[in-house]
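The values are calculated or read from the model by the stated rules, or taken from the named source; none is laboratory data. Predicted model, so just to flag it, every value in this text is computed and none were measured. Glycine also receives a Cβ, built like all others from the backbone with ideal geometry; neighbour counts cover every protein chain displayed.
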Amino acid sequence: MIYRPVPARLPVPAGLGRLLVLITVFVCAACGLVYELELVALASYLIGDSVTQASVVLSVMVFAMGVGSLLAKRLRRRAALGFAAVEAVLALVGGQSAMALYACFAWYGRAWPALVVFSLVIGVLIGAEVPLLMTLIQRVRRQDAGGAVADLFAADYVGALVGGLAFPFLLLPMLGQLTGALVTGAINAVAGGALVLWVFRGDLSTRARRVVTAANVLVLALLALCSVLTGPFERAARHAVYGADIRVAVRTELQELVLTGGGTAGRPLSLFLNGRLRAVGESSRYHEALVRPAMAGPHRRVLVLGGGDGMALREVLRHPDVTGVTVVDPDTAVVRLARSHPGLRRLNRDSYEDARVTVVHSDPFAWLRRISAGQEPYDVVIGDLPGPEGPGGAKLYSQEFYGLTARWLAEGGRAAVHAGSASGSPHDFWTVDATLRSVGLTTEPYRAGAAGEEWGFVLAARDPDGAGLPEVSGAGARGVARPDGAGEPPSTLMHPRYGE
C-alpha cells in the first residue's frame, strides 16, 4: 500500500512553512557533516593514518545512511514525531561522540571500536532524516516528487558545504574538538525541535508535545553539562594517558604538546608531541639520533624543518662551527612556549636565544617553494616533522617535498628525516626511504629507541661521487637492513599512501 502524505494544519502560511523545512534541512546537513569531520579529525589524531580513518568513517557512515533511509519508512505515518525523536538522539550522540571517543582512547587505550560504533549510529540517524523531511515537505504543500527531491537535496548539499567550511575555519579554532561537537549537537537539537514543536505541532497530541519538549530540554541540558565539564574531562583524560604530574598541556591548531615530570616525585621531565614521546630528561635520544648522524660532515649552514620545541636545534648548536641555523615551523604557539616556559627552556638549553638562529613561521613545503634563486644551499637539512602516519603531514613526506629539499642541499650535504617506526609501520618507513631515493638522494635507514618507544629515521645525501653513506652508529642509533624490494622508487609522482 502506497503512503500518501495528508496536508498538515500549519500555524504559518504554506510558503513560509516550506521555507522553514528547507532551513531545517540546511542546518541538519551542516551538523551531520560536522559530526563526520569531527570523527575523522579526532580518530586521525588519536590513532594516526588519516587516510585510513577517513576511509573507515566515511564508508561506514554512507552504508549506515542507506540503512537509516530504509528504517525511516516505518516512521513516515508519524513523520513529525519520528523526526523529533531522530534529531534528539542524533544531537545527543553526535554532540558527545568526540568526548566518548577521547575517553575510550584515554582509559581503555582503544578508539577503533568506538569509532566504528559512532559512525554506524550517526550514519543511521542522518540517513533517516531525508525520508522524514521529504514526507514533511510534502505535507506542507503537495508538489511533484522530482521538484521536492531537488529542493530538499539543494538545501542538504548547501548545508553540507557550510558545515564542511565551518568545521576547520570556525569550530576548531574557536571552540576546539570537544566543545565544537557539543555546540553542533545543541544547534541540531534546537533546529529539529523548533520545526516540530512550532510548524508541525498540529500533528502531535498534547502528550507527544510534552514528551518532545522534555526530550529536547534534557538533551540540551546534558550537552550544556558536558560543555561545562570539558576542561576537567580533558585534564582527567590527559592524566590517564600521561600520568598525574603534567606541567604543560597545550593544543594548537597543528599539534598537542604535553610536558610532564620534573617535580618532587622524581619523574624526569618528558616531552610528548601528539601523544608520542620526544624527550626524556636532559638528554633526548630521539633528537640525538635524528641530528647527530647528519652533522657528521660539513655543517656550516643548517636548515631545521619543524622542530618548534627547540630540541633538534639544541643538538645542532652543540657544534661550535655552525655559522647559521634556520628553523621553519608553522606553529607559533609551540615556538613561543619553547622560548618562554622554564621547563622547555631547560630541555632545549635556551637554543632560541643563540644569535645564529633565525626562526621562520611558515609551512615548510610552501617555504621551500618560494626560496629565492640566489639562496645559498644548506649543508644539513633536519626534518623534525610529525611522522608519515600523523594527521596533516602527507605533503611533507611526498616526492615533491623531498625534491625541493634536495634542491637546496649542498653537494655532499646530508638530510635526516623522521620516518615513523621501522618495526611498527614498516610500509610507511620503507616508503619514506624509497621516496628519498626517487629524487636522486643516497639513503641509509636507521632506528633508535628509549623508554619503550622506537623511532625510525632515514639519512640521505647528495652523493655525486657515488661514495655512499657510512653505516650509522652512535647516539643510540643502529642501522636497519633493507629487505628485498625496499627502496625501489615509487612509480607515481607522489606515493598514493601520502598523496593529497
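Points to keep in mind about this one:
- Residue list for region 432-456, filter: touching a residue at least 40 places away in the same chain (Cβ under 8 Å), surrounded by fewer than 23 Cβ atoms within 10 Å (Cβ to Cβ) and over 23 Å from residue 288 (Cβ atoms): 434, 437, 438, 439
- Beta carbons closer than 6 Å, at least 6 apart along the sequence or on distinct chains, pair a first residue in region 161-180 that is surrounded by 15 or more Cβ atoms within 10 Å (Cβ to Cβ) with a second that is modelled with pLDDT under 90 and of a type outside the set (Asp, Glu) for 177/42.
- Scanning region 390-412 for residues that are at pLDDT 90 or above and over 17 Å from residue 364 (Cβ atoms) returns a single hit, 410.
- Candidates 90, 125, 120, 115 - the one that is in contact (Cβ under 8 Å) with a residue 24 or more places away in the chain, surrounded by 24 or more Cβ atoms within 10 Å (Cβ to Cβ) and more than 19 Å from residue 218 (Cα to Cα): 115
- Residue in region 70-88 that is assigned to a helix (DSSP H, G or I), among the aromatic types (Phe, Trp, Tyr) and modelled with pLDDT of 85 or more present: yes
- Residue ID - farthest from residue 384 (Cα to Cα), chosen from residues in region 432-444 that are touching a Phe, Trp or Tyr at 6+ places or on another chain (Cβ under 7 Å) and not in a loop (DSSP other than H, G, I, E, B): 435
- Boolean, residue 40 is free of Cβ contacts under 8 Å to residues at least 24 places away in the same chain, farther than 28 Å from residue 137 by Cβ and crowded, with 18+ Cβ neighbours inside 10 Å: yes
- Output for region 14-65, where each listed residue is of a type in the set (Val, Ile, Thr), under 30 Å from residue 386 (Cβ atoms) and either outside any helix (DSSP H, G or I) or over 11 Å from the mean Cα position of the chain (by Cα) (or both): 34, 52, 56, 57, 60, 62
- Any chance residue 106 is assigned by TED's automatic domain parsing to the domain that holds residue 28, in contact (Cβ under 8 Å) with a residue 24 or more places away in the chain, over 24 Å from residue 212 (Cα atoms) and assigned to a helix (DSSP H, G or I): yes
- Given (1) modelled with pLDDT of 85 or more; (2) under 19 Å from residue 312 (Cβ atoms); (3) touching a Ser or Thr at 6+ places or on another chain (Cβ under 7 Å), number of the condition residue 416 does not satisfy: (3)
- Filtered residues of region 181-203 (kept if more than 28 Å from residue 229 (Cβ to Cβ) and either surrounded by 19 or more Cβ atoms within 10 Å (Cβ to Cβ) or among the charged types (D, E, K, R) (or both)): 195, 196, 199, 200, 201, 203
- Selection within region 146-199 - within 25 Å of residue 233 (Cα to Cα) and hydroxyl-bearing (Ser, Thr, Tyr): 179, 184
- Residue selected from region 279-295 under the condition surrounded by fewer than 22 Cβ atoms within 10 Å (Cβ to Cβ) and at pLDDT below 80, by the criterion nearest to residue 386 (Cα to Cα): 280
- Taking the numbered list (1) farther than 22 Å from residue 425 by Cβ; (2) in contact (Cβ under 8 Å) with a residue 12 or more places away in the chain in turn, residue 74 passes all entries but (2).
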